[in-house]
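Encoded as structure tokens, here's the structure I'll be asking about.
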Amino acid sequence: MKRKILVILALCSAYMLSAQVAMTVDFDKRGTAIAPTHYGIFYEDINHSADGGLYAELIRNRSFEDAVEYPYHWNLLCDKANGYIELVRWGQLNKSQKQCLKVELRDVASNHSGTATLLNEGYWGINAVKGQEYTYSFWAKQSGYAGNIKVSLTSADGKTKYGSVMATEKVKGGWIKYSGKIRCTGNDAQARFALTFNTKGKVFLDMVSLFPPTYKDRPNGMRKDLMERLLAMKPGFMRFPGGCFVEGENIEGHITQWHWKESVGPVEERKPYYNVWRYWNTNGLGFHEYLQLAEDLGAEPLYVTSVGVWHGGFAPHDSIEYYVQDVLDAIEYANGDATTKYGAMRIANGHPEPFNLKMIEIGNENYQQNAKDNSDHYPERYIQFYNAIKAKYPDMKIVANVEALGTDTPSWRNNHPVEIVDEHYFRSPRWFVDRYNHYDGYNRKGPKVYSGEYAVTREFGMNGNLQSAIGEAVYLMGTERNSDVVQMTSYAPLFKNENEARWNPDLIHFNSSETFVTPSYYTQTLMSNNRGDYNVSVTMKNNAYPEKSTKKYSISHSFVYGGKSDSGKSSIQDMQSAFVASDGHDIKMYFEKKDSMNFCVWHLGADGNHRLNLEQHRNGNVSTLTYRWRPLENGKHYDARVEVNRGHVKCFLNDELQREVDLYPNSWIYQSASVSADGKTGYLKIANPSDYPTDVKVMIKGMAAKKNCSAHLIRLTSANALDENSMSDKDRVKPVDMGEMKINAGTLIINVPANSLNIIKLKLK
């Protein structure tokens, strides 16, 4: 195929630096109220967020249900004894537990010198801490066993003991629960839990448990250090339990859906199951614990209910009475009194007062354009839930789904009543920066917005870099400025066990003994901890982005997709101002070249021929400005064209406009400002997502300017926009307290570094 490349270049480029940015903030001119629920958290058991994470249980496969072939995560060490272990499916502890473990010893040496030790590895090691007291429990029964059971914390090889106690002198009769405490005598992040047997016979075990000290010393409670990370965020609400976790999946004919009624009551009676993220869930962190967790965090609970749709299938929309009744029962459990069935159950489970559940979300990502995307007759499902809930609980706030895939402008496409819609965005840093003004023109008569899942998921590095955090900060400032529309926001996901990640990036990383947080965590924390009650008036001058192209040109390229290339491949170093490289399958149209590290490219056939990507390369960093899901057809002729007009880019395929975007942001810095209800405290947040530092002159107006007000600065930045944290370098990017700032005659000068979030807290009275 003969290829034609036409490049028309006109005008020269000029890049100018802007003057000092001037900002006027009037703390007396109040605007829209900012709800206490504006910043919250989204909790889903993904990446072992619960089991092996926040839920403090240290034993893995505690109920022996994880497999039918072998008791995974357990092994038996014999010393002068002959023993073996076997899963059995008879004589179980109860109906919820389908299996238990038989430990059988034969030919034990005399004088009880022979032993068999059953070891559990925990979730990639058990963190043994010297001086710390651990609570153990297990259920056991015996057949011909007359010995003792010793409970220990040991090294991985079982040779070093970090504390031992005798569970009981003799194992007796049928199923009995044994419990006690072990005081640890050493430090070992890879320790094991051990049960040691010393005579011949059979012992049957189930629901083996070990807990470290938990937050507020709650039984069946939460891991302290991870709770501290959540508490520092000061969330206004907590959405739970998912996510895809709510929907479930059809795995070999079995629907892996979470059912709240199977997650309450005594833990030994809770049914474990294989969850949608492909690992076993103990249900130890159940509906009651979720509600208790929200209460402990001082957060409003937001419960997400299934609409009878799962990954790979659904219940007919006219046959979902079970799901409708199920959410009504859940509300009754949370809020009902002793005269109600489920309210009485909550009281029996240890919480006499109602949890005061006020918000319900109907489904998760179940209102897509395509029914194959976990969607089937969502409006018909939604209205059944809405009517039933409102009939019984008229004050309940109900959150609805809108498109979560394939669009930047999700919409409520039916006439049913709606209060608030849940928008999900996983995009690039630049995308979030460009959405600063997104809600400025939002229809104020439409439904309110909950940005329920958002995160930079492109160009984030390994764990989540500074650039991602600053882009998210700009987006959040836009939501805060439009708090009359956007009433709630939450990042997703929240947690990640370093040993088994199903999703990246995440806010809080951990292993058995350590944690670190990403720059995005600091963004969420700083934004939430420095929220006023009302937006205030802000005006800006000289806030033009310092880099702007004045060039006007176009690039065109004709090709047959998959055809033999006759131009060969070309390197970035060889390219001129505009350039096309193609091998017949991967077509790249380069433009806006400044040097080999700074240029733009329209990438056709990207991501294995799934997308059309418009990318910007800046100092070696790649940013996807916009994209479209559109595979190219093999053997089909295409005419591709890129038009550039002073930084505004239009991309055409066969004369059809595919995407358009401004290469350079309209603004240099971004801001939001608010004041407390009593007028005593003001908050000014300034983000600079560019590579250029600047000075910002802030003129304070209103009564605050007449008082001797003071200001305090906290800053999140680093030497490089691509810097990120890790377990070996936890503090590469972290907020720095810059101290007090001088205010002269109502004027504050702030040096704003490149790639930074700046939080200024002002005492106004």
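The values are calculated or read from the model by the stated rules, or taken from the named source; none is laboratory data. Predicted, not measured: the structure shown is a model, and the values here were computed from it. We place every Cβ from the backbone using ideal geometry, glycine too, and count neighbours over all the protein chains shown.
Need the failing condition index for Leu93 against (1) in contact with an Asp or Glu (Cβ under 6 Å, 6 or more places away or on another chain); (2) farther than 27 Å from Pro212 by Cα; (3) not basic (Lys, Arg), just the number.
With (1) in contact with an Asp or Glu (Cβ under 6 Å, 6 or more places away or on another chain); (2) farther than 27 Å from Pro212 by Cα; (3) not basic (Lys, Arg) applied to Leu93, the lone miss is (2).
Here is a further query. Checking the conditions here, which among Asn758, Asn725 is under 23 Å from Ser428 (Cβ atoms) and in contact with a Leu (Cβ under 8 Å, 6 or more places away or on another chain)?
Values: Asn725 fails: in contact with a Leu (Cβ under 8 Å, 6 or more places away or on another chain).
Sole residue among the options that is under 23 Å from Ser428 (Cβ atoms) and in contact with a Leu (Cβ under 8 Å, 6 or more places away or on another chain): Asn758.
Please specify each residue of region 186-216 satisfying the condition of being of a type in the set (Phe, Trp, Tyr) and modelled with pLDDT of 95 or more. If you could, list the steps in order and put the result at the bottom.
Applying the first criterion (of a type in the set (Phe, Trp, Tyr)) to region 186-216 yields 193, 197, 204, 211, 215.
If the condition is that a residue be of a type in the set (Phe, Trp, Tyr) and modelled with pLDDT of 95 or more, then Phe193, Phe204, Phe211, Tyr215 are the ones that fit.
Next up: Can you find, within region 484-495, the residue that is surrounded by the fewest Cβ atoms within 10 Å (Cβ to Cβ) among those that are farther than 18 Å from Ala50 by Cα and among the aliphatic types (A, V, I, L, M)?
Filtering first and then ranking leaves Val485.
Hey, among Asn387, Asn364, Asn335, which residue is under 29 Å from the mean Cα position of the chain (by Cα) and farther than 16 Å from Trp258 by Cα? It would help to see each step written out before you state the result.
Numbers: Asn387 fails: under 29 Å from the mean Cα position of the chain (by Cα); Asn364 fails: farther than 16 Å from Trp258 by Cα.
Every option except Asn335 fails the conditions.
Filter the helices (runs of 4 or more DSSP H) completely within region 282-388 down to those with at least 1 residues that are of a type in the set (Lys, Arg).
Details: elements: 287-297, 321-335, 341-348.
Correct list: 341-348.
Can you find, within region 140-164, the residue that is farthest from Leu58 (Cα to Cα) among those that are under 40 Å from the mean Cα position of the chain (by Cα) and among the aliphatic types (A, V, I, L, M)? So that I can check it myself, show each step before the final result.
First, pick out the residues of region 140-164 that are under 40 Å from the mean Cα position of the chain (by Cα): 140, 151-164.
Going one step further and asking which of them are among the aliphatic types (A, V, I, L, M), we end up with 140, 151, 153, 156.
Numbers: Ala140: 19, Val151: 14, Leu153: 12, Ala156: 14 Å.
This residue is Ala140.
Here are some conditions: (1) of a type outside the set (Asp, Glu); (2) surrounded by fewer than 15 Cβ atoms within 10 Å (Cβ to Cβ); (3) not in a strand (DSSP E or B). Gly147 meets all but one. Which one does it not meet?
Condition not satisfied by Gly147: (2).
Within region 591-640, how many residues are of a type outside the set (D, E, K, R) and either more than 35 Å from the chain's Cα centre (by Cα) or assigned by TED's automatic domain parsing to the domain that holds Val456 (or both)? Break it down into steps so the answer makes sense when it comes.
Keep residues of region 591-640 that are of a type outside the set (D, E, K, R), which gives 591, 596-606, 608-610, 612-614, 616-617, 619-627, 629, 631-632, 634-635, 637-638, 640.
With either more than 35 Å from the chain's Cα centre (by Cα) or assigned by TED's automatic domain parsing to the domain that holds Val456 (or both) added as a condition, the list becomes 591, 596, 634-635, 637-638, 640.
Selection size over region 591-640: 7.
Mind checking whether some residue in region 698-712 is without any contact (Cβ under 8 Å) to a residue 60 or more places away in the chain and under 16 Å from Gly532 (Cα atoms)? Working first, answer last.
Start the filter on region 698-712 by keeping residues that are without any contact (Cβ under 8 Å) to a residue 60 or more places away in the chain, which leaves 705-712.
Subset that is under 16 Å from Gly532 (Cα atoms): 711-712.
Yes, region 698-712 has at least one match.
Here is a yes/no grid of residues against (1) within 16 Å of Met345 (Cβ to Cβ); (2) in the same structural domain as Leu226 (by TED's automatic domain parsing); (3) touching a residue at least 60 places away in the same chain (Cβ under 8 Å):
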{"residue": "Gly265", "(1), (2), (3)": "yes, yes, yes"}
{"residue": "Tyr274", "(1), (2), (3)": "no, yes, no"}
{"residue": "Asn281", "(1), (2), (3)": "no, yes, yes"}
{"residue": "Leu285", "(1), (2), (3)": "no, yes, yes"}
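Do the conditions hold for Arg502, that is, is it among the charged types (D, E, K, R) and farther than 25 Å from Gly242 by Cα? Walk me through it before giving the result.
Details: among the charged types (D, E, K, R): yes; farther than 25 Å from Gly242 by Cα: no.
In short, no.
While we're here: Restricting to region 644-664, give me the number of residues that are on the phi < 0 side of the Ramachandran plot and over 38 Å from the mean Cα position of the chain (by Cα).
Keep residues of region 644-664 that are on the phi < 0 side of the Ramachandran plot, which gives 644-645, 648-653, 656-664.
Narrowing further to those that are over 38 Å from the mean Cα position of the chain (by Cα): 645.
Residues in region 644-664 being on the phi < 0 side of the Ramachandran plot and over 38 Å from the mean Cα position of the chain (by Cα): 1 in total.
Looking only at region 333-376, which residues are in contact with a His (Cβ under 9 Å, 6 or more places away or on another chain) and at pLDDT below 95?
Scanning region 333-376 gives Ala371, Asn374, Asp376.
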